[in-house]
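The next block holds one structure in the form of structure tokens; read it before the comments.
The values are calculated or read from the model by the stated rules, or taken from the named source; none is laboratory data. Quick caveat: nothing in here was measured; it's all calculated off a predicted structure. When we count neighbours, we look across all protein chains shown, and the Cβ atoms used for this are built from the backbone with ideal geometry, even at glycine. Each accessible area value is taken on the protein alone, full model and side chains, heavy atoms only, with ligands, DNA and RNA left out. Shrake-Rupley method; radii C 1.70, N 1.55, O 1.52, S 1.80 Å.
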Amino acid sequence: MTEHPRPAAVPRKPTLARDIRPGAFAGTGTAVTIGNFDGVHRGHQAMLEVVCQAARQRSLQPVALTFAPAPGEYFARAAGKAPPTRLQRLRDKLLCIWTVGITHIQLLRFNPAVAAMAPDDFCQQVLKVGLNAKWVIVGDDFRYGKGRAGDIKTLHAWCTANGIECYVMPAVKAMDVRFSSSLVREALQSGDVVTAAAILGRPYRISGRVAHGDKLGRTLGFPTINLPLWAPLPLSGVYAVRVYGVDIAGVQAVTGAASVGVRPTVKEDGKPLLEVFLLDFQGDLYGRRIVVEFVQRIRAEEKFATLELLTEQMHRDIAAVRTVFAKAGG
């Protein structure tokens, strides 16, 4: 096994609130940034770093205000449509936000009451009463309030009227391409985890707790660890991966071959599942939380006519994964 930088640790003990609590910040003002932060890509990271810097300069507490579910997901489901795939579990998103330096996350439940708030009511109840905001930063495409009636102009006007500094963050770009969660999603859907990693500023990762499966991989000669997924991921297929949290010390990456999808060869209506065959590793990992880091796509998910054909392909997949890591040096 070769050591690789593992997912970053949270620098300090952060706090999380799932409801707005008037007066919670009465003794100290806050610097607030607002967003969905799905994936916490490089654009998000830049804005989070700016709010942390502003908080230090003004002796304020840096706060990230985010939503569960995301407004887009809420409105899609309300309209009977399939919502955009989420890039992360909520737990992973919170960890990424805290890692940047945010000390408090305000998680706002996006429900009919929040969706019906007029822009000024949102600012008054959430920013002023709930968070005691003294400094606010949003992206240049920020919209809020009922019917998305609020924008950066209405926010700036409200902040000015209430003695709050308001800063609009310019888009973070590379080669004139704006970083966005949608762009990450598109890259992953095409299997391009390298481009996704460039936008995220880190490899694409999924965490979860190892669960018992149907043991089919074991009967085929490829025992796997199984991570049930909260929903379909924006990627599918077979990948070369690194897995953290497997070894006892928790500091080394174990290489493996991962299959993401619904297993069409063995299930008619299979639920999304992440299966990983760890190379040159044996051990009981049930119940352990691990992080799977996607390195390179090997192939798309396929349906095979027989289990024998699937097994033959799995041998080829393992060989291809070994080649990937041999070229990468481990």
Qualifying residue in region 142-160 (condition: in a strand (DSSP E or B) and open to solvent by less than 30 Å² (accessible area, probe 1.4 Å)): yes
Contacts under 9 angstrom Cβ, first residue in region 298-323 being closer than 15 Å to Gly261 by Cα and in a loop (DSSP other than H, G, I, E, B), partner modelled with pLDDT of 85 or more and among the charged types (D, E, K, R), 6 or more apart: Phe304/Glu312
Within region 118-141, tally of residues that are open to solvent by 20 Å² or more (accessible area, probe 1.4 Å), touching a residue at least 40 places away in the same chain (Cβ under 8 Å), within 25 Å of Tyr74 (Cα to Cα) and not polar (S, T, N, Q): 1
Pairs with Cβ under 9 Å, 6+ apart, first in region 225-237 and of a type in the set (Phe, Trp, Tyr), second open to solvent by 10 Å² or more (accessible area, probe 1.4 Å): Trp230/Arg86; Trp230/Arg89; Trp230/Leu90; Trp230/Pro272
Test for Ile164: is it β-branched (Val, Ile, Thr), open to solvent by less than 40 Å² (accessible area, probe 1.4 Å) and in contact (Cβ under 8 Å) with a residue 40 or more places away in the chain: no
Evaluation of Ile206 against (1) farther than 24 Å from Val50 by Cβ; (2) open to solvent by 40 Å² or more (accessible area, probe 1.4 Å) (one fails), failing number: (2)
Whichever residue in region 23-52 is in a loop (DSSP other than H, G, I, E, B) and in contact with a helix residue (DSSP H, G or I) (Cβ under 6 Å, 6 or more places away or on another chain) and, among such residues, is most open to solvent (accessible area, probe 1.4 Å): Asp38
Scan of region 94-115 for residues that are within 21 Å of Gly43 (Cβ to Cβ) and out of contact with any strand residue (DSSP E or B) (no Cβ under 9 Å at 6 or more places or on another chain), ordered by number: Cys96, Thr99
Residues (open to solvent by 40 Å² or more (accessible area, probe 1.4 Å) and at positive phi) located in region 60-110: Gly80
Identity of the residue in region 72-100, of a type in the set (Gly, Ala, Ser) and over 20 Å from Phe142 (Cβ atoms), that ends up nearest to the chain's Cα centre (by Cα): Ala82
